[in-house]
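Asks: Next up is a structure, given as structure tokens.
The numbers here are math on the coordinates, done by the rules we state, and not lab data. The shown structure was predicted, so the numbers you read here are calculated from the model rather than taken from an experiment. Methodologically, a virtual Cβ is constructed for each residue, glycine included, from the backbone with ideal geometry; neighbour enumeration extends over all protein chains shown.
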Amino acid sequence: MPPPAGAQDSAPQTSDAAAPLIVATKSAPPFAFVGAGGEWSGIAIDVVEAVAADLGRTVEWREETLTGMLDAVESGSVDAAASAITITPAREASLDFTFPYYTTGLGIAIDPSAGSGWLQVVRNFFTWQFAVAIATLSAVLLSAGAAVWAFERRHNDEFPRDPARGLGDGFWWAAVTMTTVGYGDKAPRSLGGRIVGLVWMFTSMLIVASFTAAIAASLTVGSLGNPIQGVSDLRNVRVGVVDGTTSVDEMIGRDIRITRFDTLPEAFDAMLAGQVGAVVHDRPLLQWVALQEYDTLVRVLEDAVGRQDYGIALAAESDLREPMNQSILEYLRSTRWTAVQNRYLGNN
């Protein structure tokens, strides 16, 4: 006997709202990692757990690679992906993302013991900073020499009228006067020349002090430690990056030579072995691995490179995006979010 009309409509239906959220993730401490109890922990894990609880759902975690996570979301085999996933234009073209729950930048890790010693001092003789200091000093000496030659050329045989020889002799006089060598082979005799000489003697005291400091700095910067102090210094070395991450695109966009590695520890090991000069990666991940596994061996610079926004990856036009966004905004204003940051990142 066929069921009465309307009976099928009144039968209970299985709702997706009651099913667990299937979320792909990968190890990226402190955002996602397997804790001592064998369960997933971290900043991103807590965000998803809080959002799922707000939506009345549980979470089923599935471990994937970075590429595997994004492919699984796009194919619909998982509901979402969460780890240290940066929102980029390329990823946004095929996926949707929630509101960013964490904003950071790329960090630069260096070997603090690299680049020290006399070899670095010798190399600094051939740096751009040293060349600029010498060129500026030469220009000042030439200016002083030209001034005294202009007064002495008609009255003093020690400063010939020929411009090439005269300026050369003026340059020599300015140099020996500034260094207080005082050979006495050339000396101004005219009133104007002696006034120039007197002014130059006192001016030289300041110039010697300033240029001594500038030249010393150009020679010693990096000789007592790693010469890499910011992103501009990365052009002089090969940089280690983790393949498939946003650091690859950032370094290529800045025309910086890179070597790709599968994991961050591999990149650190290569840097300590002298194969790369620095490692660039998401700053909080860089700090975590440096502190947990390379304490005192690796230093993370203060400056961050670019901007990285972390979000939860969803399928394009996913119905989860709007309710998740509302939940994330509430979560970011809660004391729980402050406690999570303090737990994994410290009070700062």
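Asks: Hey, fewest Cβ within 10 Å first, where do Leu66, Leu314 land in order?
Replies: The most exposed by this proxy come first: Leu66, Leu314.
Asks: Apply the membrane-span-like helix rule to the chain: whole DSSP H runs, Cα extent along the own long axis of at least 18 Å, mean Kyte-Doolittle hydropathy at least 0.5. List the helices found.
Replies: Length and hydropathy pass: 128-152, 191-220.
Asks: So how do Glu158, Glu266, Glu250, Glu302 line up by other beta-carbon neighbours within 10 Å, fewest first? Don't skip to the end; give the middle numbers.
Replies: Working: Glu158 17, Glu266 14, Glu250 20, Glu302 9.
Ranked by crowding around the Cβ, least crowded first: Glu302, Glu266, Glu158, Glu250.
Asks: Projected onto the charge dipole of the chain (+1 at Lys/Arg Cβ, -1 at Asp/Glu Cβ, origin at the Cα centre), which of Leu95, Val196, Thr335 gives the Cα projection farthest towards the positive end?
Replies: Towards the positive end, the residue furthest out is Val196.
Asks: Among Val289, Ile45, Ala164, pick out the residue whose Cα is farthest towards the positive end of the charge dipole of the chain, where Lys and Arg carry +1 and Asp and Glu carry -1 on C-beta, about the Cα centre.
Replies: With unit charges placed on the Cβ atoms, the residue in question is Ala164.
Asks: What is the antiparallel percent of DSSP beta bridges lying wholly in the chain, to the nearest 5? Mind showing how you got there, number by number?
Replies: Details: 19 of 32 bridges.
Bridges in the chain are about 60 percent antiparallel.
Asks: Cβ neighbours within 10 Å, averaged per peptide: list 46-55, 67-76 in order, most packed at the top.
Replies: 46-55, 67-76
Asks: Using only helices, what value at 222 nm comes out for the chain when you add -39,500 (n - 2.57) per DSSP H run of length 4 or more and divide by the total residues, to the nearest 500 deg cm²/dmol? Let's see the in-between values first.
Replies: On the way: 13 runs with 159 residues, N = 348.
So the helix-based figure for the chain works out to -14500 deg cm²/dmol.
Asks: Which residue, chosen from Ser232, Ile252, Ala109, occupies the Cα position most advanced towards the positive end of the dipole of the chain, where the dipole is computed from +1 (Lys, Arg) and -1 (Asp, Glu) charges on Cβ about the Cα centre?
Replies: Farthest along the dipole direction, towards plus: Ser232.
Asks: Size of the dipole of the chain about the Cα centre, Lys and Arg at +1 and Asp and Glu at -1 on the beta carbon, nothing else charged, in debye to 20?
Replies: Working: 24 positive and 39 negative charges, 499 e Å.
Roughly 2400 debye for the chain.
Asks: Once you have a ≥ b ≥ c as the square roots of the Cα gyration tensor eigenvalues for the chain, tell me rounded if a/c is under 1.5, and otherwise prolate or oblate according to whether a/b is larger than b/c.
Replies: It is prolate, given that a/c is not under 1.5 and a/b is the larger ratio.
Asks: Separation between the Arg307 and Ile22 pseudo-spin-labels, each 7 Å from Cα along Cα→Cβ, expressed in nm?
Replies: Taking the simple label geometry, Arg307 and Ile22 are separated by 3.5 nm.
Asks: Got the relative contact order for the chain handy, in percent, Cα pairs under 8 Å and 6 or more residues apart? It would help to have the intermediate numbers written out before the result.
Replies: On the way: 532 pairs, mean separation 98.7, N = 348.
After rounding, I find 28 percent.
Asks: By counting other Cβ atoms within 10 Å of each Cβ, how are Lys26, Lys186 ranked from fewest to most?
Replies: Lys186, Lys26
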